[in-house]
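Q: Dropping the structure in here first, questions after.
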Amino acid sequence: MATNKPKSRSRKKSGKKKPQGVFSWVFGQVSAARHDEETREQWRRAVGWTLIFICILSFVACVSYYYSGNADQSLVESGNQPATAVKNLLGKLGAIIANTLIYKGFGIFGLVIPIYGAFLGFVLLEDNFYPQARRILGYVTLFVLWGSTFLSFILDLTNRGIPTAKSFNYGGGVGYTIVKTLQPILGVVGIAFLLTFIIIIFLVLKYRAEVRATEIITKLKNAQAGNWTLPLPGKMGNKASTPKNRATPQPKKTPATHNGEVQTTQPTTESNEPGQQISLEVGPTPLKKTPVAKTQDQSEPEFTILDPTKDERANIPPPTVKEFERLGEDNIGLVKGTDGKAEKIVSEDSQENAEIEEVINWEEYDPTKELSDFIPPSLELLDDHGYGRDREVSREEVVSNKNKIVDTLANYGIEISNIKATIGPTVTLYEIVPVPGIRISKIRNLEDDIALSLAALGIRIIAPIPGKGTIGIEVPNSKAEIVSLRGVLQTVKFQTTKAALPIAIGRTISNEVFIGDLAKMPHLLIAGATGQGKSVGLNTVITSLLYKKHPSEVKFILIDPKKVEMSLYHNIAHHFLATLPDLEEPIVTDVRDAVRVLKSLCIEMDERYDRLKQARVRNLNEYNRKFVERKLNPKKGHRYMPYIILVIDELADMMMIAGKEVEMPIARLAQLARAVGIHLVVATQRPSVNIITGIIKANFPARMSYRVISKVDSRTILDANGADQLIGRGDLLLSTGSDLIRIQNAFIDTPEVERVTEFIANQRGYPQPYHLPETPMEGDDFDDGDDDDFERDKNFEEAARLIVRYQIGSASLIQRKMKLGYNRAGRIIDQLERANIVGPHSGSKARDVLIADETELERILENYR
């Protein structure tokens, strides 16, 4: 099965791949060495000492620059002077290094670079400070750039008006360039504000300065409101008072004194002068109030204000066994200890979080990474069938039809107060408003008379139009217009749609592009007589998704009993198709294989629901989002799950041959599969009740009908009349609930489909199609008796050699090559697992083969003979 495996190494979660720096390159080279542990250790220490040595020399050269830099600068820049004329302690090389880091670089802040480089060398030697070195790198970069710019800015201010002043000497060339670039844009005041803003942002992000400032301001307000005294250094304590606007009862005879501080460890007495009240203003973080001791004359009860941000149980001793037995639901995590105390155990959720801690540190999973070079098909592959050019609905035709409708209704005593025409690609909608007192049923009964007067192929009366106070009469145009799929796909509406599974169906009678979302439908039932456009409609649905989705996001299961309609898509099997592992052709044409595929899809649905249950989510979108964000552990069987779309071209043929074997899995998938991303598109040319049964029909709320033969078929598929009055050639009615929408289906020809599939097939695909879970086959000749390691199948050794030769641990391989039933092949696979020849079961993927060659296999088989 073509799935993307997450990287096994833990990396920091990031949406983009960051450019590789010197630090990452050094450690990447060290870790990429393919030697033994001792050799890698030697290389790492060698690189560390080399880096320290180079940085020490660079530091000495930079320090020497401040004594000999002016004399060496011209020699370095000219390059023609002898090396003996250079006065730097490290000669001409030292002068070049110092000139680069100090003069052209960051000024006095250039000394920080060799210091940090030496620190990196020590990190390589110690091999346990990598996170600290990576974090410090950001601080060093900010410090050097900001300091160089700040010093150049200050020196530029002090030397303003002195043309010969070299203000960039101490700030470096980088700082000088930044200041001179920003001055025309921001000015002097703007640069000062920018430098100050950078420091403020750094303090806010690093030390949460705004939070600390808010806390200090809150404490000052509380102190002013309660007449408190701020604690001096070394006398920090919590202040106590009574709630605000709440008078404290005072004794009438004995005056009280006010104590400015209340220690948190010892309760103190609190009083106030006569007539004065103490109030406590509870701020965002209430202060902890300790119990206040009562004097003989005080009648005020004790009270305690707890800080909700602290765990008050932290200072409570563990309960005894008797107390433990009385504990309620709040202490579920406590168990009896050996010393008679209650001990806390780690909850199951905490254990799960600990197991996926490594996953959280990985970068976000990208399902398109394995085929990152995939290019969607171009619209140039499709033909433009002349949208708008063949439109010959003239004003004379519209006016003539209008007059005929008005005259026909007038002959039966029906007057019209208003009429409006909307020209569509296939039909024109005439909206009429009769005068008051006219019964709608009277107009509906005149359908055949209006069609006769118009000499039309068939009209449809909508009485009334939902949401409007009008009656609609749909009259076919004299010449139907072809709606090309290319014209629909290149519209802004399709290009910017947010639908999970967008399908470009066509254009409505008002010439608006209709884009459906298969994920919300969530299944689609298509019916229509032969030659009315069903196959074109299926190609439209599939091609729309091929243009919009990546191969990792959607997979198709194509069932074609007619064997010719879906053969165009066989060459994209390694990109977009899903099938059973043992099927030779990716397009299912045999009804017996189709039954197996439907059962396999039910197994896939159940497995997906199990994963959703473990992930504690409700649908596929939430599950994939958690997996992409690395909140699910692949080691626990989680994986990215694409949408699966089952397309059946002719349901009637399957129902005639298989009957209940087809009906039950389809009904079960239609009932449950929506939440796990499995959607059905089922087409049939016989929408009778024995084909579209009540169980199937009840779970397909979205139904699309092309022209059918009778009103009975129309009511079967749409629960309404009208499908028998369509004009064919892609004219359809779409029911998404209570409303019927008339649409002209977008047209795509067979050569266009071939060009699109060839374009996709010529690109790199997955090693194999998306494999569905294996299902039992008929004709299993193996006795399901008890089996153990000492009663192996007589074909055990032959199957083992077959598995090792092909390096594929699959029961389907044994089935095909040895002509065995599924159960027997599965039993042999289990025996091979117990013999450590193949690995354990891993979902729908083939098992890992643990034996590399047949020589090693023979040694293992010798032990079992």
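Q: Leaving out ligands, DNA and RNA but keeping every protein chain, what accessible area does Lys468 have, in Å² rounded to the nearest 10, with a 1.4 Å probe?
A: 100 Å²
Q: Continuing with this model, one more query. Expressed in nm to one decimal, what extension gain is obtained for the pair Gln495 and Arg444 from 0.36 nm per residue of sequence separation less their Cα-Cα distance? Before the final figure, lay out the partial values.
A: Details: separation 51, 0.36 × 51 = 18.36 nm, distance 4.04 nm.
Here the answer is 14.3 nm.
Q: I've got another one for you. Among the listed pairs Lys369/Lys697; Lys404/Lys534; Lys549/Lys817; Lys520/Lys626, give every one whose C-alpha distance is greater than 28 Å. Write out the running numbers ahead of the final one.
A: Working: Lys369/Lys697 40 Å; Lys404/Lys534 34 Å; Lys549/Lys817 36 Å; Lys520/Lys626 21 Å.
Where the Cα-Cα span goes over 28 Å, the pairs concerned are Lys369/Lys697; Lys404/Lys534; Lys549/Lys817.
Q: With a 1.4 Å probe and all protein chains kept in place, how do Ser688, Ser544 rank by accessible area, largest first? Before the final figure, lay out each step's value.
A: Details: Ser688 30, Ser544 0 Å².
Reading off the accessible areas and sorting them downward yields Ser688, Ser544.
Q: For Arg618 and Glu758 in the same chain, what is the full-extension length gain: residue separation times 0.36 nm, less their Cα-Cα distance, in nm? Display every interim value, and only then the final one.
A: On the way: separation 140, 0.36 × 140 = 50.40 nm, distance 3.76 nm.
Gain on stretching Arg618 to Glu758: 46.6 nm.
Q: Could I ask something else about it? Work out the FRET efficiency for Gln42 and Thr158 from their Cβ-Cβ distance, taking R0 = 60 Å, and round it to the nearest 0.05.
A: Details: r = 53 Å, r/R0 = 0.88.
After rounding to 0.05, the efficiency reads 0.70.
Q: Considering only protein heavy atoms, what per residue accessible area in square angstrom results for the stretch 435-513 with a 1.4 angstrom probe? Numbers along the way, then the final one.
A: Numbers: 3680 Å² over 79 residues.
In whole numbers, the stretch 435-513 has 47 Å² accessible per residue.
Q: So, by mean Cβ neighbours within 10 angstrom, what's the order for 580-591, 628-639, 179-190 with the highest one leading? Intermediate values should be presented prior to the final figure.
A: Working: 580-591: 18.6, 628-639: 16.8, 179-190: 12.6.
For the peptides 580-591, 628-639, 179-190, the packing ranking is 580-591, 628-639, 179-190.
Q: Quick query: amide H of Ala702 versus all other amide H atoms, modeled in the peptide plane; which residues come in under 5 Å with a sequence gap of 5 or more or a different chain?
A: His523, Leu525
Q: Could you check how much of the accessible area of the stretch 412-555 is carbon and sulfur, as a whole percent, using a 1.4 Å probe?
A: Whole-percent figure for carbon plus sulfur exposure: 53.
Q: Note down the relative contact order for the stretch 518-661 as a percent, whole number, built from C-alpha pairs under 8 angstrom at least six residues apart.
A: 31 percent.
Q: Now, a different point. For Leu145 and Asp373 in the same chain, what is the full-extension length gain: residue separation times 0.36 nm, less their Cα-Cα distance, in nm?
A: Working: separation 228, 0.36 × 228 = 82.08 nm, distance 3.78 nm.
78.3 nm is the gain from fully extending Leu145 to Asp373.
Q: Sort Ile416, Ile678 from largest to smallest accessible area, using a 1.4 Å probe on the heavy atoms of the protein chains. Don't skip to the end; give the middle numbers.
A: Working: Ile416 45, Ile678 0 Å².
My answer, sorted largest first, is Ile416, Ile678.
Q: Would you please give the residues with an amide H less than 5 Å from that of Arg507, counting only those at least 5 places away or on a separate chain, with H modeled from the backbone geometry?
A: Phe514, Gln744, Ala746
The values are calculated or read from the model by the stated rules, or taken from the named source; none is laboratory data. Because the structure is predicted, anything quoted here is derived from the model rather than measured. Methodologically, a virtual Cβ is constructed for each residue, glycine included, from the backbone with ideal geometry; neighbour enumeration extends over all protein chains shown. Just the protein is used for accessible areas: all its heavy atoms, side chains included, with ligands, DNA and RNA removed. Shrake-Rupley method; radii C 1.70, N 1.55, O 1.52, S 1.80 Å.
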